[in-house]
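A.B. asks: Let me begin by handing over the structure; questions about it come next.
The values are calculated or read from the model by the stated rules, or taken from the named source; none is laboratory data. What you see is a predicted model, and the numbers here were worked out from it, not measured in a lab. Cβ: placed from backbone, ideal geometry, glycine included. Neighbour counts: every protein chain shown.
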C-alpha cells in the first residue's frame with residue numbers, strides 16, 4: 001500500500017516527512033495556545049474566548065453554538081490576524097538577527113520531532129515496530145542536542161532588539177536554560193542505566209525505553225515513573241524551566257520585563273515564538289511520556305500487545321489486529337498522554353506564582369543538581385546490585 | 001548523495017571558520033563559529049559517528065557558544081576596533097600556522113588512515129558501548145588527565161572570581 005512512498009527519491013521522502021511534521025505540529029501548537037486561554041478561563045471562573053464564529057455555522061442548531069462557546073473559531077481568527085497584521089520592524093534593531101531569531105526558534109523545535117517515536121505497530125512475526133520519522137539509536141541525545149540550540153533564538157532576539165528589557169530577558173534565558181540542562185540530562189541517566197543491562201547492545205533509543213516498560217511480569221510492566229519517581233520529578237521540573245513555562249518564565253516575565261525577549265516583536269514573528277514554545281512543550285511531554293509513562297502502552301502492566309489481543313478476543317473483529325488500526329490506536333494513546341501533560345503544564349502555570357530570578361538559580365544549582373547527582377548515584381548502585 | 005553532502009558540509013565548515021576569524025563584529029564571529037560546529041557535526045554524521053556529532057552539538061553548540069555569546073553581550077565588545085597584534089603573538093601565530101601546514105603536507109603526501117575496524121563500524125548501537133568501554137579501558141589515563149585539568153580550571157575560576165572579604169582577625 002505504501003510502496004509508492006518508499007519508491008520515491010530519498011530527498012523527496014525527507015521533504016514530505018518534514019512537511020508532515022509542520023502540518024501536524026503547527027496546528028497542534030496553535031490549538032495548545034487556544035487551550036491555554038480556555039483552561040486559564042476555567043480555572044479563574046470566566047467563560048474565556050467564546051464569541052467568534054463563521055457566519056454559516058451560526059445556523060447549525062446545537063453544534064454551532066457549542067463550537068462557538070468552545071472558542072474553536074478564535075484559533076482561526078488569531079491565525080488570520082497574525083498573518084495579515086502589519087509587521088513593524090523597529091528602527092533601532094539589528095535587522096538580520098531580528099528576523100532570524102523567530103525562524104531560529106522554530107528550527108530546533110521542529111527538528112527534534114523527527115527523532116521522537118510516536119506510535120508502534122506489529123509486523124507479521126509479532127515484533128513491535130516503532131513509528132518515527134527517523135528512528136535513530138542515539139534518540140535521546142539527539143533530542144537534547146538539538147533542543148539545546150533553541151537558546152540561541154532567545155539570546156539573539158533579545159540582543160538584536162537593542163533595547164533594555166529584551167536584553168535582560170535574553171541574558172536571563174541563556175543562564176537559565178544552561179543551568180537546567182544539567183539536571184535534566186542527569187535525571188534521565190538512571191533510565192538508560194536500567195535499559196542498558198549487561199549483555200545488551202548499548203542504546204539511547206527512546207523506543208527501547210518503551211519496550212522495557214512493556215515487558216511481561218510485575219517489574220517488566222512497571223512504568224518508570226513508579227520505578228524512578230525522583231528522576232521523573234526532576235525531569236519534569238527541568239522541562240518547565242527549559243520550555244520557559246511559568247513558574248520559570250524569567251526570559252519573558254511580563255511583570256518586570258514588559259515582554260522579555262520578545263518585547264519588540266509583533267504579528268507573525270511574535271506568534272512564531274509561541275508556536276516554538278508549544279512545540280518544545282509537545283516534544284518535551286512526548287519524551288517524558290516515552291521515558292516515564294510507558295509510551296503507547298495503555299495502562300501500567302498492560303502492554304499494547306495484550307491490549308490489542310484483549311480487544312480482538314472481545315469482538316473477534318479482524319481489523320483490530322491490522323497494523324493500520326494498531327498504529328492509529330498507539331498514536332492516539334501516546335497523544336492522549338502528551339495532551340494530559342500539556343494540561344498539567346497549563347494547570348501549573350495558572351496555579352503557581354512566578355519565582356524570582358535568584359530563586360530560579362538557587363533551585364537549579366543548589367537543589368535540583370545535587371538531588372539529580374544523588375539520585376544518579378543511588379540508582380547506579382541499586383542497578384549494579386540488581387543486574388549483577 | 002553521501003559524497004555530495006560531505007562536500008557540502010566540508011565547504012560550509014571552512015567558509016564558516018574563515019568567517020569566524022575575519023568577522024570584526026564579535027556576535028557575527030560567534031554565530032559563524034556556531035555554524036562551523038554544526039557543519040563539523042554534519043561531517044561526523046556523514047562518517048557514521050552519530051554519537052560524536054550529537055555530543056559536539058550538545059556540549060559545544062548548545063552550551064559553550066551560548067556562554068560565549070553571553071559574555072560578548074555582557075561586555076558589549078561590539079564595534080570596538082580590534083587590538084593590534086603584539087610581536088610575540090605574531091611570531092607564535094606564524095609558527096603555529098607553519099606547523100599546521102607542514103602537518104597537512106606530510107599527511108597529504110605520505111600519511112594514510114588505518115582501515116576502519118569492522119567491529120566498530122556497524123551502526124550506532126554497536127558503537128555506543130565500545131566507545132564507552134574504550135574510554136574506561138584504553139583511554140582511561142587521558143580521560144583522567146582531562147578531568148583533572150578541568151577541575152584545576154574550575155578552581156582557578158573560583159579563586160579569581162571570589163572576592164575574599166578580610167576577616168575580623170585579619171583586621
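A.B. asks: Please specify each residue of region A:356-376 satisfying the condition of being within 12 Å of residue A:240 (Cβ to Cβ) and in contact with a helix residue (DSSP H, G or I) (Cβ under 7 Å, 6 or more places away or on another chain).
C.D. replies: A:360, A:364, A:368
A.B. asks: Also, I was wondering about something else. Take the conditions under 25 Å from residue A:234 (Cβ atoms) and in a helix (DSSP H, G or I) and apply them to residue A:314. Does it pass?
C.D. replies: no
A.B. asks: Out of curiosity, is residue B:127 within 14 Å of another protein chain (Cβ to nearest Cβ), closer than 30 Å to residue B:46 by Cα, modelled with pLDDT under 80 and touching a helix residue (DSSP H, G or I) at 6+ places or on another chain (Cβ under 7 Å)?
C.D. replies: Spelling it out, residue B:127 is indeed within 14 Å of another protein chain (Cβ to nearest Cβ), closer than 30 Å to residue B:46 by Cα, modelled with pLDDT under 80 and touching a helix residue (DSSP H, G or I) at 6+ places or on another chain (Cβ under 7 Å).
A.B. asks: Could we say that residue A:308 is in contact (Cβ under 8 Å) with a residue 60 or more places away in the chain, assigned to a helix (DSSP H, G or I) and crowded, with 21+ Cβ neighbours inside 10 Å here?
C.D. replies: The answer is no for residue A:308.
A.B. asks: For residue B:139, indicate whether it is surrounded by 10 or more Cβ atoms within 10 Å (Cβ to Cβ), more than 18 Å from residue A:198 (Cα to Cα), modelled with pLDDT under 90 and not assigned by TED's automatic domain parsing to the domain that holds residue B:54.
C.D. replies: Here the answer is yes, as residue B:139 does meet what is asked.
A.B. asks: For residues in region A:210-257 being in a helix (DSSP H, G or I) and within 14 Å of chain B (Cβ to nearest Cβ), which is modelled with the highest pLDDT?
C.D. replies: A:242
A.B. asks: Would you check if there is a residue in region A:32-43 being assigned to a helix (DSSP H, G or I) and without any contact (Cβ under 8 Å) to a residue 12 or more places away in the chain?
C.D. replies: For region A:32-43, residues assigned to a helix (DSSP H, G or I) and without any contact (Cβ under 8 Å) to a residue 12 or more places away in the chain: present.
A.B. asks: Is there a residue in region A:146-163 that is more than 23 Å from the chain's Cα centre (by Cα) and facing chain B (nearest Cβ under 7 Å)?
C.D. replies: yes
Yes/no matrix, rows are residues, columns are (1) under 21 Å from the mean Cα position of the chain (by Cα); (2) at pLDDT below 90:
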{"residue": "A:351", "(1), (2)": "yes, yes"}
{"residue": "A:356", "(1), (2)": "no, yes"}
{"residue": "A:369", "(1), (2)": "no, no"}
{"residue": "A:372", "(1), (2)": "no, no"}
{"residue": "A:381", "(1), (2)": "no, no"}
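A.B. asks: Only one of these is within 30 Å of residue A:352 (Cβ to Cβ) and either in a helix (DSSP H, G or I) or without any contact (Cβ under 8 Å) to a residue 40 or more places away in the chain (or both): A:16, A:28, A:23, A:8. Name it.
C.D. replies: Result: A:28 is the single residue among A:16, A:28, A:23, A:8 that is within 30 Å of residue A:352 (Cβ to Cβ) and either in a helix (DSSP H, G or I) or without any contact (Cβ under 8 Å) to a residue 40 or more places away in the chain (or both).
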